[in-house]
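A.B. asks: Before I ask anything, here is the structure I am working with.
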Amino acid sequence: MQDLCTMVHLCYCLFLVLSPLIELKDSQIIFCTDVVSAMLIRATGQNLRLAYLRSLESLDLVKQIEVSGDIAALIYLCNPFTIVACVGLSTSPIENMAVILCLYGACSRLIPLAAFGWVIATHLSLYPAILIIPVIFLLGCGPDSPPRKLFLQRHQQKEVLNQSKLPPRFSWGPVIHFAFWAFLWSVYVLVLCGISLKQFGGLWEMFKSTYGFILTVEDLSPNIGVLWYFFAEVFEFFRNFFLIVFHVNILFMILPLAIRLRHRPCYLAFVYVAICSMLKSYPSVGDSALYLGLLGWFVNELADMQFSLFLFCGYVGVSLLSPVMHNLWIWRGTGNANFYFATAMVYACLQIVLVVEGVSAMLNHDRKLRNLITGKPQDAKS
Amino acid sequence: MALLRRPLLLLLLIVTHQFLQFRIAFGSVNEEGLKQEEFYEELLLKPFPDRKLLTHFHFQSSAPPSTSNGHHHHLFPKAISQLVLKFQVKEMELSFTQGRWNYESWGGFDPIPSSNAKPPGVELWAVFDAPQHLIDALWKNLTHTLSGLFCASINFLESSTAYSAPEWSFPPASGKLRYGTLPREAVCTENLTPWLKLLPCRDKAGISMLLDRPSIYRGFYHSQRLHLISTGSCSEGMDPGIILEQTLTVVLQPDSQRASLAHASEKHIQPRWSLSSIFGKRISGRCVLAETSNVYFLLDRGLVAELEHIHKENVLISEKFWTNPSFELSAKPDRIFIEESRLLSKNASVLYKFEIEKYSESEPFDLGLFWKTPVVWLCQQAPLHASRFLMGSGNERGAIAISLKSTQSSEAFMGSNSNDERCELRVDVFQVVPWYVKVYFHSLQVFVDQQPKAVSDIIEKIHVSPSKDKVSPGVMELVLTLPCSVSSAVLTIEFDKGFLHIDEYPPDANQGFDIPSAIVSFPNFHARMVFLENDSLNKSPLLSKFQEKSPVMSYTEVLLVPLTTPDFSMPYNVITITCTVFALYFGSLLNALRRRVAEEERFLKDKAAKKMGRIPLLLTKLFAKLRGRHLEGPQAPPASSSFINSKSVLKVILIAGLAACWQYYFS
């Protein structure tokens, strides 16, 4: 649909690999990547569930807290956004698979795979570069668990400090291992690109027309984000200022989120992915499909998230209204750009509410765990 | 010492000055011995089958190569020679056109349409005699200069999105050519006046006296053209020789009112006209500076054949030719030329020549034509008639189609041109598309006689340079080889419409954007007319122009592409709304992340307020901050109930609102 516009500026290498295949079977490849992504999500979900169960056992909270498995894969596959991206032959499923590959590798401690996923995801769409922080946390301290502080308190209460039941401290070994592999893969990818792009101006030209194209929002074709209209309307002399502001908005939130959610690296990765898909220069429904799929990992933790019905209705409404407005404006000429922009605006607001409520729900969940441990009566709003 | 040196210097100066003067004098003598600056003025009149009349003014001034220290010109316009010198122009053509040449009824094969039918608006191309890296800068300066010289917005061709560098499809093929068009440029008298200023007699004497502005701009088509070639290399201080050719082609309809008043039987007769009835003026003598000053009246092949067919004899070149049974000329021609027919058909154009020298103020020249019998004929057509149109609806994508239809007359050429069976017709297509029309060159499809054909079968050579957003336009050059028996061929190519920044839209954005004309040329066919000329002394540039071997060229229509427009009144709203949303994101996420701190502090304050006084409260606050929050963490009570309160207030308001609505609707 609307997300096809970013295709042209994807890396040349991808096209080199895909073009003979695409001629053979069009949507088969995209479909297969979606299925593989779903399987990886499921495997990661199982992984997370086991790890979380283990850490809950050590806190003796298994009875109170439920943990469920592979709903995320189902959410990913049955999401209409995924289906639309697949049918529309968008390349975002390929980018999504790279991101999921990275998280899967980090969760199951396959460090070369994680590094490969991270390098490819960064190479394809630049924004997943910030996933390096959750990946480092994942490799350093293992998958999501309640805050480490709780374990210490628990053991203080019992007055036995069983080291084996504590979650491991941050270990630098795997991180250095990851850095080494990431370096290796990126050199490999760059060399391959350099060889294939020798006659077209080399690597610098590639950086300019892929990352440069992403960072300086040059293409003003309508998509489901808000930046295209903003940069179509903004005065030329403010353009650079706003480009910096919007991209720094992503970077500014990295640190606070990393501090507050460091014990839950997978959730941190989800939040980062959601923020990126909200603030990126050319968002598409495929990006929303990814973070909505990842949301399935945390169904139990986010069970008492506020506004979930409102968000669901909002998503349904926007995904119905937005094509209608697009059609009215572009195809029939009866509508106005503002109608379509309004739906994009609502969509951005919905994503903001989702991220903010998701983060606060997760923090509340931690609070709830703490209250369970300290034996305080649980309050609905704590 | 200084005193001594000064006279020496003076002496040196005087000597060199003398020497220089001598050289100049010598040079000028030499020059006069060789060549002079020359000026020719000519006018060609030709009736068209659809009751219209072509008037083609042709002025040529030439400056021979001269030494560079003599920047003085007698006849040649100084502005042009300076321009050629400064920008190292080798060849240049600038045309201002209003209206569209009707290839179907005005013909497309003669030298006049193939070199004077131009696309609407401004077309400029120039070949530079400079190193490759300087050419773009020279082009930019040239456009600005021409813009000032001709009071037109040619300077818009300066931006790299507006011009292109065709590789080989444009006639003087070289890498040093730049080509640009402005289809929407309005052409009017303010462009004609500077153009006339380049003539030595302006419009005060000679043939240019006829240029009466209202009657020119009332015409169906007018195109003023300026073509210059600099000959000779500019080496060793010699200025290049320049030939400047200025033409004005106007298609007029002679007194249509009178024709409608005439009774029915006369309706089929071609209208009678005279120079004074068309232009409201007569030629009172020649421009004294002109070498030759002639008026020609051309009857084209089709018309001559038709007349001969009617009268069964060669009346046109008989003794009393100007009053023959078909038509009557009001003036006696001085000479008759008959075209040297190269084709097997014996049809040949006939050209009557009138010399203006014989006429004067007291006896002005006025040529009139009076038709006696109705005549119907066809002008000679190009082998294929090219037209172009848009396909698709909506503002997201579309397709350009170039259709080539064979004309009836083409079969005759085919038969004569090729004797073998594998006869092929070569067609060159040159198309420039602006960057906001994003053409997908892979989607090029070819249909020959309504049958889809493989692109590689038809297209012999292709050169494509894809457009870059806001940098350069897309250029497509094709060489097609079609079978001679082709009746129609269609090329289609798909495109996506781009979205522009609000400042990039022209003032009337909803009108749409113009895609410049495509150029379709037939390199195997040459528009050429050779007239038997006895006297080489009195040669005419117009006739020698006719004899040049130039390929037949035609321009397609300009396309109007509507593009989607944003709301032009919205910039402030969009900026504020978007920024609000981003501020909402930033603020609320940060708030969610640091909420625990606030809660704990509030709790701390509550507890402290109960137990202690004011100063210890502050101290504890400070301590709590310094020591970190985790110590108090476990004691943190459930959060304050303010949120619940606000929520219950909200609920109450909501219920009240619902109740009010209920009341309103059901009462």
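The values are calculated or read from the model by the stated rules, or taken from the named source; none is laboratory data. From a predicted model like this one, the values you see are computed outputs, not experimental measurements. When we count neighbours, we look across all protein chains shown, and the Cβ atoms used for this are built from the backbone with ideal geometry, even at glycine. The protein model used for the area step is the full one, side chains on, heavy atoms only, and it has no ligands, DNA or RNA in it. Shrake-Rupley method; radii C 1.70, N 1.55, O 1.52, S 1.80 Å.
A.B. asks: Using the Cα centre of chain A as origin and beta-carbon charges of +1 (Lys, Arg) and -1 (Asp, Glu), tell me which of A:120, A:180, A:72 is placed farthest towards the positive end of the dipole.
C.D. replies: A:180
A.B. asks: So what are the ³J(HN,Hα) numbers for segment B:441-458, from phi and the Karplus equation (6.51, -1.76, 1.60; θ = phi - 60°), rounded to whole Hz, Gly and Pro as x?
C.D. replies: For segment B:441-458, the Karplus-derived couplings read 5, 6, 8, 5, 10, 10, 10, 10, 6, 6, 9, x, 10, 5, 4, 6, 6, 9 Hz, x marking Gly and Pro.
A.B. asks: Here's another thing I want to ask about it. For segment A:173-226, take every pair of Cα atoms, bin their distances at 10 Å starting from 0, and report each bin as a whole percent.
C.D. replies: Going from the shortest bin to the longest, the percentages are 20, 32, 27, 19, 2.
A.B. asks: Express in whole angstrom the spacing between the alpha-carbon centres of segment B:135-157 and segment B:442-510.
C.D. replies: For segment B:135-157 versus segment B:442-510, the Cα centre distance is 28 Å.
A.B. asks: While we're on this one: How large, in percent, is the carbon and sulfur part of the accessible surface of segment B:106-161 at a probe radius of 1.4 Å?
C.D. replies: Exposed carbon and sulfur together represent 58 percent of the surface.
A.B. asks: Follow-up. Using 0.36 nm per residue of separation minus the Cα-Cα distance, give me the extension gain between residue B:647 and residue B:159 in nm, one decimal.
C.D. replies: Length difference between fully extended and current span is 169.7 nm.
A.B. asks: Can you figure out the FRET efficiency of residue B:105 with residue B:470, using R₀ = 45 Å and their beta-carbon distance, to the nearest 0.05?
C.D. replies: Efficiency for this residue pair is about 0.65.
A.B. asks: Still on this structure, I have one more. Search the structure for amide H atoms under 5 Å from the amide H of residue A:220, placed 1.01 Å from N in the peptide plane, and list their residues when 5 or more places away or on another chain.
C.D. replies: For residue A:220, the qualifying residues are B:499.
A.B. asks: Give me the angle, in degrees from 0 to 90, between the Cα long axis of helix A:285-295 and the longest principal axis of the Cα atoms of chain A, rounded to the nearest 10.
C.D. replies: 0 degrees
A.B. asks: Quick one: pull the percent of accessible area on segment B:430-577 belonging to carbon and sulfur, 1.4 Å probe, ligands and nucleic acids left out.
C.D. replies: 53 percent
A.B. asks: What is the local net charge at residue A:218, summed over the other residues whose Cβ is closer than 12 Å to its Cβ (Lys, Arg +1; Asp, Glu -1)?
C.D. replies: +2
A.B. asks: Once the whole set of protein chains is in place, how much accessible area is left on residue B:588, using a 1.4 Å probe, in Å² to the nearest 10?
C.D. replies: Here the residue's solvent-accessible area equals roughly 40 Å².
A.B. asks: Pop a pseudo-label 7 angstrom from the Cα along the beta-carbon direction at both residue B:390 and residue B:130 and give the gap in nm to one decimal.
C.D. replies: Rounded to a tenth, the inter-label distance reads 3.6 nm.
A.B. asks: Full-extension gain between residue B:583 and residue B:188, please, as 0.36 nm times their residue separation minus the C-alpha to C-alpha distance.
C.D. replies: So the chain would gain 136.8 nm between residue B:583 and residue B:188.
A.B. asks: Determine the sum of side-chain charges near residue A:295: Lys and Arg each +1, Asp and Glu each -1, restricted to other residues whose C-beta is under 12 angstrom from that of residue A:295.
C.D. replies: Value of the local net charge: -2.
A.B. asks: Continuing with this model, one more query. Quick one: work out Rg over Rh on the C-alpha atoms of segment A:279-382, Rh as Kirkwood radius.
C.D. replies: The Rg/Rh ratio comes out at 1.14.
A.B. asks: Could you name every residue in segment B:497-529 that has 10 Å² or more less accessible surface in the full protein assembly than in its own chain alone (probe 1.4 Å, ligands and nucleic acids excluded)?
C.D. replies: In segment B:497-529, residues shielded by partner chains: B:499, B:500, B:501, B:502, B:503.
A.B. asks: Between segment A:203-257 and segment A:140-158, how far is it from one alpha carbon centroid to the other, in angstrom?
C.D. replies: Segment A:203-257 and segment A:140-158 have Cα centres spaced 40 Å from each other.
A.B. asks: Kindly report, to the nearest 10 Å², the accessible surface of residue B:91 as traced by a 1.4 Å probe over protein heavy atoms only.
C.D. replies: Only protein atoms counted, so the area is about 40 Å².
A.B. asks: Starting from 0.36 nm per residue, how many nanometres of slack lie between residue B:441 and residue B:666 once their C-alpha separation is accounted for?
C.D. replies: So the chain would gain 74.6 nm between residue B:441 and residue B:666.
A.B. asks: Next question, about the same structure. Residue B:495's amide H: which non-local residues (gap 5+, or another chain) put their own amide H closer than 5 Å, with H modeled 1.01 Å from N in plane and none for Pro or chain starts?
C.D. replies: It is B:398, B:399, B:400, B:440, by chain and number.
A.B. asks: In addition: Pick from A:368, A:280, A:198: which residue has the top mean-square fluctuation in a GNM of chain A where Cα pairs under 10 Å get a spring?
C.D. replies: Highest fluctuation among the options: A:198.
A.B. asks: How do B:469, B:300 stack up against each other in accessible area, from largest to smallest, with a 1.4 angstrom probe?
C.D. replies: B:469, B:300
A.B. asks: Does anyone have the angle between helix A:265-279 and the longest principal axis of chain A? Alpha-carbon axes, 0 to 90°, nearest 10?
C.D. replies: The answer is roughly 30 degrees.
A.B. asks: So how do A:102, A:313, B:484 rank on accessible area, 1.4 Å probe, biggest first, that is with the largest at the start?
C.D. replies: The ranking, largest first, comes out as A:313, B:484, A:102.
A.B. asks: Still on this structure: Which of these, A:241, A:180, A:151, has the largest mean-square fluctuation under a Gaussian network model of chain A (Cα springs below 10 Å)?
C.D. replies: Judging by the Gaussian network model, the answer is A:241.
A.B. asks: Using θ = phi - 60° and the Karplus relation 6.51 cos²θ - 1.76 cosθ + 1.60, list the HN-Hα couplings for segment B:552-569 in order, rounded to whole Hz, with x at every Gly or Pro.
C.D. replies: So the Karplus estimates, Gly and Pro as x, are 5, 10, 9, 10, 8, 5, 7, 9, 10, 9, x, 10, 5, 10, x, 7, 6, 8 Hz.
A.B. asks: Counting only the heavy atoms of the protein chains, how much of residue A:325 is accessible to a 1.4 Å probe, in Å² to the nearest 10?
C.D. replies: 40 Å²
A.B. asks: If you don't mind, another one. Compare A:196, B:293 by solvent-accessible area with a 1.4 Å probe and give them largest first, with all protein chains kept in place.
C.D. replies: A:196, B:293
A.B. asks: Say each of residue A:342 and residue A:251 gets a label point 7 Å from the Cα, pointing the same way as Cα to Cβ; how far apart are those two points in nm?
C.D. replies: 3.7 nm
A.B. asks: Next question, about the same structure. ³J(HN,Hα) across segment B:159-164 via Karplus (A = 6.51, B = -1.76, C = 1.60, θ = phi - 60°), whole Hz, x for Gly/Pro?
C.D. replies: Result, rounded to whole Hz: 5, 5, 6, 9, 10, 9.
A.B. asks: If you don't mind, another one. Given H placed on each backbone N at 1.01 Å, which residues far from residue B:425 in sequence or on other chains put an amide H within less than 5 Å of it?
C.D. replies: Amide H neighbours of residue B:425, under 5 Å, 5+ apart: B:482, B:484.
A.B. asks: Still on this model: Percent of accessible area on segment A:179-254 owned by carbon and sulfur, 1.4 Å probe?
C.D. replies: In segment A:179-254, the share of accessible area belonging to carbon and sulfur is 78 percent.
A.B. asks: Consider a paramagnetic label point 7 Å from the Cα of residue B:451 along Cα→Cβ; state which residues of segment B:486-501 have an amide N under 16 Å from it.
C.D. replies: B:486-490
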